[in-house]
Amino acid sequence: MQAVLGANGPIGEELTRELYRTFTHDIRLVGRNPAKVHDTDQLVTADLTDRDATNRAVEGSEIAYLTVGLPMNAQLWEKQFPAMMRNVIDACATYGTKLVFFDNTYMYPGTTTPQTEATGFEPNGRKGRVRAQIATMLLDAMGAGTVDAVICRAPEFYGPGKTKSLTNSLVFDRIRAGKRPLVPVSAKTVRSLIWTPDASRAMALIGNTPDAYGQTWHLPIDQHRLTYAEMIRTAEQITGRRIRYTVLPLAAFSIGGRFIGQLGETQELLPRYRGDNIFDTAKFTTRFPDFPVTSYHEGITEILR
């Protein structure tokens, strides 16, 4: 049995499909309102901030994947993520379940220095501090031998379906709707974006690779990174139409955040949009050289068509 905790988000759904395609049909989907992806999926309704519910969700599983996402709300993150991580670590330790944690880069410094698995945590805001806290909780448990676990870390998403990110909502979703895309901070700096189905497939592979445990892995991206200007030129080629865009300066997010909470919640991430964002995945590509990565052109084509 392999359990997906937070099963019905974009990462959890595609992870479930990849586990079914490649590794096992014995899958448990866990969430507040879980829904089947395959007829054979087992559903467990659970709030992972509840210790007993988490134990029921994990019990009997060989591997548990923690893929829970929360809305962009610092107060909610501070209240729920540490409780979830503590409960999941304890449940996995109790039942001898391996843990695969899907992580992000909020805790990394917002500089142009390439990010590797050895990059230190220097969060720039409340949500980053929460992500540093829960990653450290798991690293400490791994170091103490409490749980056999692995961290799978991904940069900003872009992708099909339910994928949510600044890039999807401000750029690609607007292009698809025939609206003018809004570029955060700079159109001239290169971005590191991960195609969400690639992230899920890579996490399934790592979770089912015994010697991958006890480590942190950066999940694979197309290393031919593009600027937003280049992404929009790619979209022009795909759609066959001229696409004009507007760059939103830092001040726009600061002022807008006073009136629109969601804009305010993005501000701690904006420094990394001022310069090139280099998310290094050499460790993964060296270990799994045959893993197929979706190119930006392929990904943008799928989103827009």
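When the charge dipole of segment 147-221 is built from unit charges on Cβ atoms (+1 for Lys and Arg, -1 for Asp and Glu) and taken about the Cα centre, the candidate among PRO184, ILE221, LEU205 whose Cα reaches farthest toward its positive end is PRO184.
Expressed to the nearest 5 percent, the antiparallel share of DSSP beta bridges inside segment 124-246 is 20 percent. For ARG28, the amide hydrogen comes within under 5 Å of the amide hydrogens of GLN2, ALA3, VAL4, GLN42, counting only partners 5 or more places away or on other chains and with H modelled in the peptide plane. The antiparallel fraction among DSSP beta bridges confined to the chain stands at about 5%. Remark: spin-label model distance PHE23-ARG274 equals 4.0 nm, labels positioned 7 Å along the Cα→Cβ axis. By the gyration tensor of its Cα atoms, with a ≥ b ≥ c the square roots of the eigenvalues, what is the shape of the chain: rounded for a/c under 1.5, prolate for a/b over b/c, or oblate? Since a/c reaches 1.5 and a/b is larger than b/c, the shape of the chain is classed as prolate.
Comparing ARG86, ARG28, ARG201 in a Gaussian network model of the chain (Cα springs below 10 Å), the most mobile by mean-square fluctuation is ARG86. Here LYS283 is the anchor, and the aspartates and glutamates within straight C-alpha reach of less than 12 Å, apart from those fewer than 8 places off in the same chain, are GLU117. Inter-label distance, ARG51 to VAL190: 4.8 nm, where each label sits 7 Å from its Cα along the C-beta direction.
Peptides 188-200, 221-233 ranked from most to least packed, by the mean per-residue count of other Cβ atoms within 10 Å: 188-200, 221-233.
Here, each number is a calculation from the coordinates, and none is a lab measurement. Quantities reported herein were computed from a predicted structural model and do not represent experimental measurements. We place every Cβ from the backbone using ideal geometry, glycine too, and count neighbours over all the protein chains shown.
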